[in-house]
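Following: one structure in structure tokens, then a few remarks.
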Amino acid sequence: MKLDKIFSYLAPKEGKFYPLFKDASANLIVGSELLVEFMNEPSPEKRELLGQKIKEAELVGDTIARNLYKALSATFITPFDREDIFELIHATDSVLDLMHGAAKQAHLYKVKEIPVEFREMAGLIRSASIEINTAFNGLRDVLNLSKYKENCQRIGEIEEHADDINHRYLAKLFHEETDAIELIKKKDVLAALEKAVDRCDDVADILSSVIIKIS
């Protein structure tokens, strides 16, 4: 092990990162649960209320991200690489932004009937959020992060499944949808959902990088 790594493990570190990361991943689950409920709700009126709750979760996520950025700028010795912490904050916050974007588009576009594929994508985002939450709750135990490799791998598998759904639905949409405006609306919502899963995979990639650097 390199001397700088040994020093980083022995030197005192700010403990403020860990509870904030736990808050961020817990809020991610809140947002994803609301998104699943949103995509399974047949009533446009109730979807509007759920969309407002998703917006609230997104604002909470923004606050947590700002606090993490402040902690990062005020901390000399960090638990792991400063750049990785920055990227982890950004990617996690982006997941919530995209979840809110998908719900907002579905509402503003007045999508009457939510396609089953949207519900499937929301379920995958929730599954990935649970994996992220498990890993984030173990960030304090830096030297044993390797135990969370499987969580990262499962997120990668979730992302591959989301790609399959995305491609399948696009093919179905272009084949069956005769209204060009409806096609664009549904394509935009699907894109936001797919990007949210991609950002979850980005979180997993960053965590995998941290694990490799520490091991």
Let me know the charge dipole size of the chain about its Cα centre in debye, to the nearest 20, where only the beta-carbon of Lys, Arg (+1) and Asp, Glu (-1) is charged.
700 debye
Could you rank the peptides 68-75, 47-54 by their average count of other C-beta atoms within 10 Å per residue, with the highest value first?
47-54, 68-75
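Please sort by residue number the chymotrypsin sites (Phe, Trp or Tyr not before Pro) in region 132-172 whose DSSP state is loop and whose Cβ has at most 10 other Cβ atoms within 10 Å.
Answer in residue order: no site qualifies.
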Inter-label distance, nm, simple model (7 Å from Cα along the C-beta direction), ASN137/LYS149:
2.2 nm
Which residues in region 20-47 place their backbone N less than 17 Å from a point set 7 Å from the Cα of GLU113 along the Cα-to-Cβ direction?
39-44
If you bin the C-alpha pair distances of region 14-214 every 10 Å from 0, what whole percents do you get?
9, 36, 31, 17, 6, 1
How big is region 88-163 in terms of Cα radius of gyration and Dmax, in angstroms?
15.0, 50
Using the crude model of +1 on Lys and Arg Cβ and -1 on Asp and Glu Cβ, and no other charge, please compute the dipole size for region 45-118 relative to its Cα centre, in debye to 20.
380 debye
Based on alpha-carbon atoms only, what is the radius of gyration of region 14-118 relative to the globular estimate 2.2 N^0.38 Å?
1.25
Full extension between ASN40 and ALA26 adds, at 0.36 nm per residue less the Cα distance, a length in nm of 2.9 nm
Which values, in whole Å and largest first, are the semi-axes of the equivalent ellipsoid of region 44-94 obtained as the square root of 5 times each eigenvalue of the Cα gyration tensor?
31, 10, 5
Calculate, in nm to one decimal, what LYS16 and GLU157 gain on full extension: separation in residues at 0.36 nm each, minus their alpha carbon distance.
47.6 nm
Can you give me the angle between helix 44-74 and the longest principal axis of the chain, using Cα atoms only, in degrees from 0 to 90, rounded to the nearest 10?
20 degrees
How big, in percent, is the set of alpha carbon pairs in region 114-215 lying more than 18 Å apart?
51 percent
Work out how much length ILE212 to HIS175 would gain on full extension: take 0.36 nm times their residue separation and subtract the Cα-Cα distance, in nm to one decimal.
8.9 nm
Take the residue pairs LYS22/LYS46; LYS55/LYS112; LYS147/LYS187; LYS112/LYS147; LYS55/LYS186; LYS22/LYS53 and return only those whose Cα atoms are more than 32 Å apart.
LYS147/LYS187; LYS112/LYS147
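Coordinate-derived values only; no laboratory data. These figures come from a predicted structure and were not determined experimentally. Because the Cβ atoms are built from the backbone with ideal geometry, glycine has one as well, and the counts that use them run over all protein chains shown.
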